[in-house]
There are 2 protein chains.
Amino acid sequence: MVRQERAIRTRRAVVEAAAAVFAERGYTAATIAEILERAGVTKGALYFHFDSKEALARGVINAQISDDYWVPRELKLQEWVDIGMTLAHRIPKEVILLAGIRLSADIQGRSLFGSAWPAWTQLVTDKLVEAKARGEVLPHVTPRETAECFLGAWIGTQFMSEVVSDWTDLNDRISVLYNHVLPAIATPAALIRLDTAPDRGARVVEEVERQQRESPVPTEA
Amino acid sequence: MVRQERAIRTRRAVVEAAAAVFAERGYTAATIAEILERAGVTKGALYFHFDSKEALARGVINAQISDDYWVPRELKLQEWVDIGMTLAHRIPKEVILLAGIRLSADIQGRSLFGSAWPAWTQLVTDKLVEAKARGEVLPHVTPRETAECFLGAWIGTQFMSEVVSDWTDLNDRISVLYNHVLPAIATPAALIRLDTAPDRGARVVEEVERQQRESPVPTEA
């Protein structure tokens with residue numbers, strides 16, 4: 001069991017190191033030697049988890065989509081808002097998210113290691129299907145179409161925020177984006193109860209971290 | 001006068017050649033030698049118009065925003081839709097647009113040669129201010145905020161369409177984007193009269209080209 005936990009930690013260290021190198025240099029210029037050095041693990045340990053640079057990129061992309069900050073809400077549309085707003089809040093601080101976004105947008109690379117776009121589209125589609133079944137979404141809405149439209153808009157907004165403000169205005173921009181899209185798809189009764197304020201992401205992250213402190217998941221030290 | 005016209009043609013040939021090279025190689029890898037060769041003009045002719053690679057990039061960016069396909073409409077919101085839909089229709093066919101988009105999104109380059117983003121934001125802001133004065137836009141809307149939100153969304157949608165479909169689905173995606181944003185900002189009386197169909201861009205371009213054929217602007221041959 002201790003051995004298994006060590007393996008999980010090593011894997012995490014390698015993914016973090018790979019993310020840092022990919023985010024700095026891009027996929028093509030990154031080398032396994034540099035990732036090894038930054039992770040501080042042996043070559044054998046790295047290759048035990050990832051047998052190629054492509055596999056490392058896939059590892060970073062998959063680590064991007066975790067359910068660490070997903071809290072069930074009365075409104076499924078609020079869960080969708082929370083996904084977008086917690087991501088906006090976390091991106092400037094978490095190198096795995098940042099690297100995952102860059103890799104997913106790498107036109108040459110995606111044929112080698114894939115992209116998180118299909119997983120994000122599916123996740124939001126599922127939320128919108130649930131929201132529609134509960135009467136939160138207007139009848140004409142096609143969940144997959146809205147999910148794809150929002151993903152494209154989210155990616156461009158994130159990119160613009162990086163370029164013009166180094167992400168300092170990302171929470172504001174994603175809040176404005178939700179406010180421009182939700183009226184086209186949500187019922188009035190849902191709209192009135194949604195929270196899309198710019199600090200929504202920060203509050204959800206704080207809520208989850210407080211819960212974790214108060215009732216931590218037992219782990220073997 | 002003939003001399004002036006020759007200068008205009010040379011300038012255009014240089015901008016087209018620069019756009020082709022920037023679009024293919026990106027700004028950093030592009031060389032003036034390659035642009036010269038592709039333009040088929042002398043070094044002196046090129047430097048008469050553009051004294052550096054930065055100036056060439058600025059020339060491409062500025063050429064992107066032209067009023068060739070802007071037709072006055074009853075609704076100012078329709079003029080805004082037409083800007084976005086004609087661009088979507090033209091991008092896969094016009095290397096200057098393509099190169100302009102790439103250069104405007106070049107994080108390192110923009111400090112050297114600028115970006116078309118401020119000009120696009122201003123253009124859409126002006127349309128929305130006019131639309132608001134005419135009662136087409138809801139009172140709570142802040143034109144600049146909506147213009148920036150839409151630009152970010154448009155850029156991401158264009159990028160996603162390039163990556164997943166080589167732009168073949170761009171008209172559909174931009175149509176869907178307008179349909180997701182307009183209900184948040186337009187009055188019902190304006191919404192009912194707007195045309196956001198995927199083939200809107202193609203129809204506007206055809207309309208303008210037909211007008212030009214039927215009553216061409218006189219030029220000296």
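Each reported figure results from applying straightforward, stated rules to the coordinates on display, with no laboratory input. This one's a predicted model, so the numbers in the text were calculated from it and none came from an experiment. Don't worry about glycine lacking a Cβ; one is built from the backbone with ideal geometry, like all the others, and counts go over all protein chains shown.
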**Message:** Given a 10 angstrom Cα cut-off, can you work out which residue in A:L97, A:L128, A:L112 is the most mobile in a GNM of chain A?
**Reply:** A:L112
**Asked** Taking the range B:25-162 on its own, what percent of its Cα-Cα pair distances exceed 22 Å?
**Response** 45 percent
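Pairs A:K53/A:K93; B:K93/B:K127; B:K53/B:K127; A:K93/A:K127: which are spaced more than 29 Å apart, C-alpha to C-alpha?
Values: A:K53/A:K93 24 Å; B:K93/B:K127 26 Å; B:K53/B:K127 33 Å; A:K93/A:K127 26 Å.
Over 29 Å Cα-Cα: B:K53/B:K127.
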**Message:** If the elastic network links every pair of Cα atoms under 10 Å, which of B:Q158, B:Q211, B:Q64 fluctuates the most in the Gaussian network model of chain B?
**Reply:** B:Q211
**Complete:** With Cα coordinates, the longest principal axis of chain A makes an angle with the long axis of helix A:95-104, in degrees rounded to 10, of 80 degrees
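Relative to the Cα centre, what is the charge dipole magnitude of chain A, using +1 at the beta carbon of each Lys and Arg, -1 at the beta carbon of each Asp and Glu, and rounding to the nearest 20 debye?
Roughly 440 debye, rounded to the nearest 20.
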**Asked** Which of these, A:D195, A:D68, A:D126, has the largest mean-square fluctuation under a Gaussian network model of chain A (Cα springs below 10 Å)?
**Response** A:D68
**Request:** For B:A186, list long-range residues whose amide hydrogen, built 1.01 Å from N in the peptide plane, is under 5 Å from its own amide hydrogen.
**Result:** B:L138
**Item:** Alpha-carbon centroid distance for the pair the range A:141-208 / the range B:147-183, whole angstrom
**Value:** 16 Å
**Fill in**
Quick calc, the range A:128-221, dipole around Cα centre from Cβ unit charges on Lys, Arg (+) and Asp, Glu (-), nearest 20 debye, gives 400 debye
**Prompt:** Using a simple charge model, +1 on the beta-carbon of Lys and Arg, -1 on the beta-carbon of Asp and Glu, nothing else, what dipole does the range A:2-64 show about its Cα centre, in debye to the nearest 20?
**Reply:** 220 debye
**Item:** Cβ-defined net charge surrounding B:R193, 14 Å radius [Lys, Arg +1; Asp, Glu -1]
**Value:** -1
**Asked** Looking at B:V137, A:H180, A:S104, which one has the Cα that reaches farthest to the positive end of the dipole of the protein assembly as shown (charges on Cβ: Lys, Arg +1; Asp, Glu -1)?
**Response** A:S104
**Prompt:** How many angstrom lie between the C-alpha centres of the range A:1-36 and the range B:55-134?
**Reply:** 41 Å
**Item:** Selected from B:I61, A:L75, B:L87, residue furthest toward positive end of dipole (the protein assembly as shown; charges at beta carbon)
**Value:** B:I61
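Using Cα pairs under 8 angstrom and six or more residues apart, how large is the relative contact order of chain B, in percent?
Working: 231 pairs, mean separation 48.1, N = 221.
After rounding, I find 22 percent.
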